[in-house]
1. Restricting to segment 588-608, give me the number of residues that are touching a Lys or Arg at 6+ places or on another chain (Cβ under 8 Å) and in a loop (DSSP other than H, G, I, E, B).
2. Can you report the number of residues in segment 524-550 which are touching a Phe, Trp or Tyr at 6+ places or on another chain (Cβ under 9 Å) and open to solvent by 10 Å² or more (accessible area, probe 1.4 Å)?
3. Kindly check whether there is at least one residue in segment 743-760 that is aromatic (F, W, Y), part of a strand (DSSP E or B) and open to solvent by less than 40 Å² (accessible area, probe 1.4 Å).
4. Return the residues of segment 761-772 that are open to solvent by 90 Å² or more (accessible area, probe 1.4 Å) and not in a loop (DSSP other than H, G, I, E, B); say none if nothing qualifies.
5. Only residues that are surrounded by 24 or more Cβ atoms within 10 Å (Cβ to Cβ) and more than 29 Å from Y20 (Cα to Cα): list them for segment 183-221, please.
6. One residue is enough: does segment 698-712 have a residue meeting the conditions touching a helix residue (DSSP H, G or I) at 6+ places or on another chain (Cβ under 9 Å) and either over 21 Å from L192 (Cα atoms) or of a type in the set (S, T, N, Q) (or both)?
7. Mind checking which residues of segment 707-728 are buried (at least 24 other Cβ atoms within 10 Å of the Cβ) and in a helix (DSSP H, G or I)?
8. Considering only residues that are open to solvent by 10 Å² or more (accessible area, probe 1.4 Å) and charged (D, E, K, R), which ones fall in segment 223-234?
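The values are calculated or read from the model by the stated rules, or taken from the named source; none is laboratory data. Not measured: the values here are computed from a predicted model. Using ideal geometry, Cβ is built from the backbone for each residue, glycine included, and neighbour counts are taken over all protein chains shown. These area figures cover heavy atoms from the full protein model, side chains too; ligands, DNA and RNA do not enter into them. Shrake-Rupley method; radii C 1.70, N 1.55, O 1.52, S 1.80 Å.
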Amino acid sequence: MHGLRDLRVIDLSTGIAGAYATKLFADAGADVVKVEPAGGDPLRHFTPSGKDLQGRDAPLFQFLAGGKRSVVGRPGDAHVDALLADAHLVVESFAHDDLGAAACAERHGGLVVLSITPFGHTGPYADRPANEFTVQAESGSLATRCLASDPPVMAGGRTTEYVGGTFAAVAALAAVKRAQATGVGEHVDFSLLEVMNIAGTMYTDLLYSMLGRPAVEGTPARTCEIPSIEPTADGWVGFNTNSRQQYTDFLLLIERPDLLADEELALMHGRWARMDEWNEIVRSWTTKHTTAEIVERAAQLRIPVAPVHDGATVKEHEHFRARGVFVENPAGGFLQPRRPWRIDDTDPPPPGMPPKAGEHDGAIEAPASPRRPGRLAQRGDALPLAGVRVLDATAWWAGPSATWMLATLGADVIHLEATNRPDGMRMIGGALMAGRDDWWEYSHIFLSANTNKRGLTLNLAEPRGLALTKRLIAECDVFVENFSPRVVEGFGLDWESVHALAPRTIQVRMPAFGLSGPWRDHVGFAQTMEQMTGLAWLTGHEHDQPRIQRGPCDPLAGTHAAFATLVALAERERTGTGHLLECTMVEGALNAAAEQIVEHGAHGVVLQREGNRAPHAAPQNVYACAGPEAWLALSVESDAQWEALVDALGRPEWATAPDLAHHAGRRAHCERLDEALAKWAADRDLDDAVATLVAAGVPAAPARDPRHMAGHPQLGARAFFETLEHPVVGRHPVCAPPFRFASVERWLRTPAPTLGQHSREILGGILKVGGPELDELEAAGVIGERPKGL
């Protein structure tokens, strides 16, 4: 694969988000040059286990930096400025726009600059001190998670940064693709706050807008799915029951068919109301069986199920071993997850060697393919993927997230459903609007993940529907599906068949576990990925059980697939032929879980969940302020921030103790710090406490209620929520993408389609199917606008 070898990427960023974004580019062949300070990237020196690195680079750095080059310097140095002048893409994360990102993109015509910051470079919060933890709090994500009787808890493992890096890479690559074709550069202003509102709240604000904004002040927003992670005779096992069929089969699994008639327990809120009773029912069965026994039985019933792994056991899973998912890091010798996508049934190449700091000083030659000269993009310029047509045969959230990114960036995306099998995510509207004639149009997740698309219904189980689908594939640049492998192949839509009928079409397959291996045909959702990869292992309070992160793995899988699709489109420009992509959901999640995997491999340490605490910050936690559900999130990552906190507190005697002056001491005395800070916060107004700390330069935030995010001052200033008028649901604020382009004023062009809304337009316009035939297809149920039987 030639991939992105023509691209020169200059990485000025620090932190995981920028490092992971540029890792995706390097793994696709781009020449990525890290520009580091004299002491080296801070990620070189930090390890969560606290092990002495003895002069070696940290395992996480070695994972993120594989195949990159390194020079020492900073913007303003002549050799760094020369690199910027030659680059196709520059990635930066300066908190106060020290680079002057927009001006840099304008100065170097045709250059794309990607800025990744907590809040974006515009808006009232742009210069606010923040980190991954306070972003989770500010985004509404933190408040969604855990039992209502416990404080809210973060998604462990710095998930925000991996999700952010993946989304940002897609936006940047699309902009670079346009710049290569037209010379039109771009400034991509990316916000981690916005991406975690998408990935960590599952569009809860839209749900409450559709419900009429009921009064919820002072009530917890956090809940836990049940069944979910359950104890077994020898560990933990994870389930999810997203559909009524899966719930019914779960009752059969636990040998309680007598509960099938209990309609209250069949609903999630009914199980919450009877949680103690429900947990006793489930756990009296699960604790009598081993994890392996339960997984085998549940898989036979096609219930989404997985063992709950940690950073050690995940590497021993039979499926990952059979597929060769873990590969050796060439510098550290430990195992790490491979690139999470395959092209043309070929495994990714081995990881490249990570560079030493400054290893390539004076050795960076001019790029082999110079950047096309041009200008900075302007309002009215065509979107990067204009002219690309995509047939989207995906369902739920992961697949639609991939095609949502492509649609947002300008592609004509046709979302394919069937009246006898609508998108499963569409059908959760029934839980919200039972009794309405058109309840299937009220899924807040479907409405958010399918904006800018057109809607088509075709019954693939009917010969005419399948024939029309195949004709449409031949008219598309990209065909995306996330059925289980056996279903696709049963329809004759495997790669060999698709490539024969549409030689230039790229097929993107998004199976949960891949096209090979013993788990090939297992069912899996985001919850399954979090349970299986170790992300759930790191999430939850120490006194509680592992908890799922509730959402991030779906858009994470989708954006990995979107990035791979853009790489395949670039490859097609060279080869003139279509390509097969295998974008496995679980491997995307494994990459986000990499820190605990490589830490165990390098140092033999299994990282544990710590609630809201983290190895890189102390103190870090949530503290109850005056009033109900008024949680202050506070995080200190440096000695300078600690001194700022001590000053803001009025320099109390306890805070000036010498053993708290350094991170190791504060980390050792987390309990003592939490007790003192809880007393300080207890009688204070939350907003006043946040304002005091932020003014002092301390990362702090309220744990915002995800049900009321449209009024957030930063999100409002950046127009993150755009109002759309839906023909059934009406007028509501809907999430835009988590980035701004200099050339785009408004991202959301059309609301999500109603079921089959554009069937006649698509079949008549693209395939030239005439009116009488369309009438016949509708009468036969091949197309339609209502779910079958409703």
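1. Selection size over segment 588-608: 1.
2. Residues that pass the stated criteria total 5.
3. Restricting attention to segment 743-760, the residues satisfying the condition of being aromatic (F, W, Y) are 747.
Next, only the ones that are part of a strand (DSSP E or B) stay: none.
Taking every residue of segment 743-760 in turn, none turns out to be aromatic (F, W, Y), part of a strand (DSSP E or B) and open to solvent by less than 40 Å² (accessible area, probe 1.4 Å).
4. Across segment 761-772, the qualifying residues are E761, P772.
5. L206
6. no
7. L715
8. Within segment 223-234, E225, D234 qualify.
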